[in-house]
Every structure is written in C-alpha cells, then in structure tokens.
Amino acid sequence: MEVPAALVASHTAHGRAPEREWIAGLPALVAELADRWELTRDGELRSGEAALVVPVRDRDGGPAVLRLQMPRAETAAALSGLRAWEGRGIVRLLDADPGRGAALLERLDGARSLASLADDDRATGILAGILARLHAGPAPADLPRLGRVAEDMLAEVPAALAALPDPADRRRLADWAAALTELAGEPGDRMLHWDLHADNVLAGEREPWLAIDPEPLVGDPGFDLWPALDSGRERLVANREVARTVRRRFDLLTEALELDRDRAAGWTLARLLQNALWDVEDGRTSVDPAQIALAEALPRP
C-alpha cells in the first residue's frame, strides 16, 4: 500500500519522529484492522493532510470506509462526538479503535459534496438543518469546552498584538478580543461540529446529505457559524460577492437556528480572532484580508 503523497508530506515536513513513525506504520495498521474487522479493500485510497481514507467492504459485503488519523486528543474527541451523535445528521460510526486513531464509517459519496449545489440559499439551508440536529445532541463529558478555549485565546492576545506591526491590524484584533471577552462568561453547553462547511457535507444513501470530519466542542452554537459563512471563499472573492453572501448566509443561519443575532455575530468575531491567533503562531505578521472582509460583512454586535 502506497500512502498518498500529500499525507506523507504533511506528516514529515517538520521531521518529527512520531509523525514519521505513524506514516511508516500505516500499511501494517491498515492490514491489522482489515483482519480484525474482516474488511476487504474496495477502491482507491484518499487522504487530506490529516487522515487516510480506505474504501472497504465489511464482512457482509456492505460498503464502508476505514479512516485513520494520528492518535491525538482531537482524534479521540471526534470519535466521542460521532458515537454520541449516532448518525443524526452526520456520518455513522460503525466501529472504532481510539488508541489507534481508527474509525470504521459508513461510506458516503466522496465525489459529491454540498459545494456542488449552485443555489447558495439551498446549501445554506441544508447546513443550518444539519447544525440544528448536531447542536441538539447530548454532549459527552470528555469533549473540550469553549470556555477553556476562550480563556486560552484571550491569554494569547497580548503576544499576538505585539507581533502585528500594522496599527489597523492591532485594532481589529483588539476589537475581536473585546467581543469574545463580553461573551466568554456564558460559553454555552451544546455540542458543536466546529468545522461544518459545504465541503464537509457529502451525499449519502441513508440521508441526502451528511456531515463529516467533526472537531467536537461543547459551547455556544454561534461559535459554529464561521465555516458556513466562509464556505467557498475563493469563489466569493472572485465574484466580489463576499459582503452580500455573508450577510445573506448569516440571516438564514441565525433565523433557522433561532440564535440571538448580536451574540452570534460576537461569537463569529471570536472565530476570526482564533484564526488570526493561529496565523500569528505560524509566523504571519498581518491579519488575513479575507477574515477582515468577513468581519466587515457581519452585523455589529
């Protein structure tokens, strides 16, 4: 089995031994799990930068996928969330080995995502419906909490401000941090997907559309809107439709999910703050113009 080049590159670029060892052990791990779960390979391997996806048939000949990701805290959280959701609006977990970062999942149509829909209102409505179902699920006790995430973000702000030479960027970051500070005392208790955008919704047979690749977090549903608002960013920028589309999506999402608009806008600014902090951590010294454009399109909280 040849591991896809993109997955190899993402795990070996920094030369860390655990990542290299995990990549080197993938063929043997696939063989071991296939033997344990009585699976047979059934199609081309797929991968992103984080996970290997192996199409398989189960012992009864049914289609499934074996998904392998390096065991980390977020990998275990994803499995915990999938187990709790039980397939409600999201891909169904059939079996798992958390210690190996392995999940056996129902097979969806990897060639057809929600991004293929031309009608943006319809796609946004489908995202809203899925989010509503995911937010209604019970939150396992072992998932990370938005309150702690917010505390960590605010603690990183002073260093991030010092890394931004442009006064306008520093003002933006400070404004976004202020919005988070106002909300951090009531972080919420719903189970969030944390990364639900059109490319993370695939066509299925059990239901027309199902979410994939959750990064479960317990918190306020407003913190879950940014990926849907930002979905298909390159096309929006190319067509100069960022402001109009973001406003329309925000209206549709907040209405469908019955969210307080000011709080939802504030939590979305918190997501932009999170993105900016990650960028600074990676060495960037300016705020992403695409994030600025999205912030300017939001109603002010």
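Going by Cα centres, the range 255-301 and the range 185-215 are how many Å apart?
19
Treat each spin label as a single point 7 Å out from the Cα along the C-beta direction, and report the Asp95 to Asp166 distance in nm.
Reported label-point gap for Asp95 and Asp166 is 5.2 nm.
Find how much the distance from Arg145 to Glu49 grows on full extension, using 0.36 nm per residue of separation minus their present alpha carbon separation; answer in nm with one decimal. Before the final figure, lay out each step's value.
Numbers: separation 96, 0.36 × 96 = 34.56 nm, distance 2.52 nm.
Answer, rounded to one decimal: 32.0 nm.
Using the alpha-carbon atoms, what tilt in degrees (0 to 90, nearest 10) does helix 146-163 show relative to the longest principal axis of the chain?
Compared with the principal axis, the helix lies near 60 degrees.
Quick check on the chain: of the DSSP beta bridges with both residues there, what percent are antiparallel, nearest 5%?
Percent antiparallel among DSSP bridges in the chain is about 95.
How much length is gained on full extension from Asp42 to Asp121, taking 0.36 nm per residue of separation minus their Cα-Cα distance?
Here the answer is 24.9 nm.
For the range 112-297, what is the per residue volume of the convex hull drawn over the alpha-carbon atoms, in cubic angstrom?
Cα convex hull per residue, to the nearest whole number: 121 Å³.
May I ask for the distance between the Cα centers of the range 84-106 and the range 25-51, given as a whole number of Å?
For the range 84-106 versus the range 25-51, the Cα centre distance is 15 Å.
Ranked by Cβ crowding within 10 angstrom, fewest neighbours first, how are Leu33, Leu210 ordered? Write out the running numbers ahead of the final one.
Values: Leu33 19, Leu210 23.
With the fewest neighbours first, Leu33, Leu210 line up as Leu33, Leu210.
Taking 0.36 nm per residue of separation and subtracting the Cα-Cα distance, what length does fully extending Ala290 through Asp262 add?
7.9 nm
At 222 nm, what value in deg cm²/dmol follows for the chain if DSSP H runs of at least 4 each add -39500 (n - 2.57) and the sum is divided by all its residues, to the nearest 500?
-15500 deg cm²/dmol
Would you please state the base-10 log of I(q)/I(0) at q = 0.13, 0.19 1/Å for the range 79-155, with intensities from the Debye formula using one equal scatterer on every alpha carbon?
Reported log10 I(q)/I(0), two decimals: -0.59, -1.02.
Under a 10 Å cutoff between Cα atoms, tell me which one of Arg92, Arg41, Arg240 has the largest fluctuation in the Gaussian network model of the chain.
Arg240
Using the C-alpha atoms of the range 5-107, what convex hull volume per residue, in cubic angstrom, is computed?
98
Values quoted throughout were computed directly from the atomic coordinates according to the rules given, and no laboratory measurement underlies them. For clarity, every value in this text was computed on a predicted model and none was experimentally measured. Virtual Cβ from ideal backbone geometry, glycine too; neighbours counted across all protein chains shown.
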